[in-house]
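Comments concern the structure below.
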Amino acid sequence: MHGIARATIALMLLPPSLSAQEASADIDREVRALADEAAIRRAFATVEELDAWSTELLIELTQIPAPPFMEEVRGRRFADLLTELGADSVWTDEVGNVIGLRRGRRGGRTVALGGHLDTVFPEGTDVTVRQVGDTLYAPGIGDDTRGLVVVLTTLRAMESAGVETDADLWFVGVVGEEGLGDLRGMKHLFRDGADPIDAWIEVDGGGLDRVVSMGLGSVRYRVKFQGPGGHSWGAFGLANPAHALSRAVGYFQNVADLLTRSGPRTSYNVGVIGGGTSVNSIPFEVWMEVDMRSESPASLDRIESAFLAAMDRALAEENGLRRQGPPLTVDKDKIGDRPSGEMDPSTPLVQRALATTSVFGVQGELARSSTDSNIPISLGIPAVTIGRGGIGGNGHAPQEFWINRDGHLAIQRALLLTVAEAGLTAIIP
């Protein structure tokens, strides 16, 4: 695919004669020298001066609901802010991603800094922010509204300090990261024929130490067993969708348990079950939603195959027990497919992410997770996910909270990494 070729070019930015250790040391020196540049020091100071503004912006954006597949209102506000803060042009693409372009002095490459617009919370959730002491409480305040604030504050600080880059920069609010959104925003940004993004930096997750350079793959299914249904006494003998689903879960767990006890880490979960109308009715349909994840594409393929086989076995056995009526049917709809992959630790973007983290006195650790970066990583395009800073917790729960404990450091790190990857160029006096 086109992304793989671009990734190869990115890896060649360092002289091929350098060993991995020498390359890492060179990048560390490069980043530390960059952090000492007058323009970067001005930008860092601006980030600290904007601390109260950033908190106010976090409250404002958190209180704009962004349920799954309903990010439009928050996206419009994000677009307005990109324009107000100095992006050269702003647009919303066909699926709802909001993009602000800041042109580089040389162009030729595009480096993107993004966060996701959506939250996991359904329409109607109260997203009013409550403050108790230094703690802000609201659904979605950390994941990933704070990430959006990091993106926007980085843009404002660069504009205020006159930091210019060689490469073009994209500041992006991405749709569809959570749940059944299935990374649809990123899949659109990195589709074949799209405008090339040469490096992707995502802001999502917690503190400063984790650098996600490995994508955790997953597949998700909604399975529905269907039949005629009827009275539990009068229609007894019909094949029962609930019985078939119960068999299916049991058969799947039996083999999945064996598959996940050794080899690359792999997981499975039946997360949601529904169907039926009353205790004395044979259901006409029952359904479930299932999540499977693995570090290894091959292991994920194996457990997915075992899952599908278990569904077919359960269907056949339940139909074999029926005494009357038509056979059951089963629909196996794949509702999620997040590819996995790993960045080579020697990739310059990965090394720069570690180096920029160490500038702030933190030892970076390469990690694996399921984030927007899964898509470019799976294509071989340099990508990392870095944290939003501060202290947060209770993600994906109504009691989610965030505390601005040195939150400015995450913004400074995001700015430094973005500029390091894009190349510092002319400085506006």
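Looking at the range 393-422, which of its residues are surrounded by fewer than 23 Cβ atoms within 10 Å (Cβ to Cβ) and either more than 16 Å from Thr55 (Cβ to Cβ) or touching a strand residue (DSSP E or B) at 6+ places or on another chain (Cβ under 7 Å) (or both)?
Gly393, Asn394, Gly395, His396, Ala397, Pro398, Gln399, Phe401, Ile403, Arg405, listed by residue number.
Residue by residue, here is whether (1) crowded, with 24+ Cβ neighbours inside 10 Å; (2) in contact (Cβ under 8 Å) with a residue 60 or more places away in the chain; (3) closer than 25 Å to Gly86 by Cβ holds:
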position	(1), (2), (3)
Val129	no, yes, no
Leu136	no, yes, no
Gly147	yes, yes, yes
Thr153	yes, yes, yes
Arg156	no, yes, yes
Trp170	no, yes, yes
Asp182	no, yes, no
Asp195	no, yes, yes
Leu208	no, yes, no
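If you go through the range 99-109 one residue at a time, do you hit one that is under 30 Å from Lys334 (Cα atoms) and not in a strand (DSSP E or B)? It would help to see each step written out before you state the result.
Here is the first cut: in the range 99-109, the ones under 30 Å from Lys334 (Cα atoms) are 99.
Then keep just the ones that are not in a strand (DSSP E or B); that gives none.
The answer is no; no qualifying residue exists.
Do you know which residues across the range 48-62 are assigned to a helix (DSSP H, G or I), hydrophobic (A, V, I, L, M, F, W, C) and touching a Lys or Arg at 6+ places or on another chain (Cβ under 9 Å)? Talk me through it step by step, then tell me what you get.
In the first step, residues of the range 48-62 are kept if they are assigned to a helix (DSSP H, G or I); the result is 48-49, 51-62.
With hydrophobic (A, V, I, L, M, F, W, C) added as a condition, the list becomes 52-53, 57-59, 61.
Hits for the range 48-62 are Trp53, Leu58, Leu61.
Would you call Val223 closer than 30 Å to Phe284 by Cα and either at pLDDT 95 or above or not assigned by TED's automatic domain parsing to the domain that holds Met288 (or both)? Write out each step before concluding.
Details: closer than 30 Å to Phe284 by Cα: yes; either at pLDDT 95 or above or not assigned by TED's automatic domain parsing to the domain that holds Met288 (or both): yes.
Against the criterion (closer than 30 Å to Phe284 by Cα and either at pLDDT 95 or above or not assigned by TED's automatic domain parsing to the domain that holds Met288 (or both)), Val223 qualifies.
Val272: among the aliphatic types (A, V, I, L, M), assigned to a loop (DSSP other than H, G, I, E, B), in the same structural domain as Ala316 (by TED's automatic domain parsing) and at pLDDT 95 or above, yes or no?
Details: among the aliphatic types (A, V, I, L, M): yes; assigned to a loop (DSSP other than H, G, I, E, B): no; in the same structural domain as Ala316 (by TED's automatic domain parsing): yes; at pLDDT 95 or above: yes.
No, not satisfied.
Rundown of residues vs (1) without any contact (Cβ under 8 Å) to a residue 24 or more places away in the chain; (2) buried (at least 20 other Cβ atoms within 10 Å of the Cβ); (3) assigned to a loop (DSSP other than H, G, I, E, B), yes/no style:
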{"site": "Glu318", "(1), (2), (3)": "no, yes, no"}
{"site": "Asp331", "(1), (2), (3)": "no, no, no"}
{"site": "Arg368", "(1), (2), (3)": "no, no, no"}
{"site": "Thr371", "(1), (2), (3)": "no, yes, yes"}
{"site": "Pro376", "(1), (2), (3)": "no, yes, no"}
{"site": "Val384", "(1), (2), (3)": "no, yes, no"}
{"site": "Gly389", "(1), (2), (3)": "no, yes, yes"}
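The values are calculated or read from the model by the stated rules, or taken from the named source; none is laboratory data. What you are looking at is a predicted structure, and each value in this text was computed from that prediction instead of being measured. Positions of Cβ are generated from backbone atoms using ideal geometry, with glycine treated the same way; all protein chains shown enter the neighbour counts.
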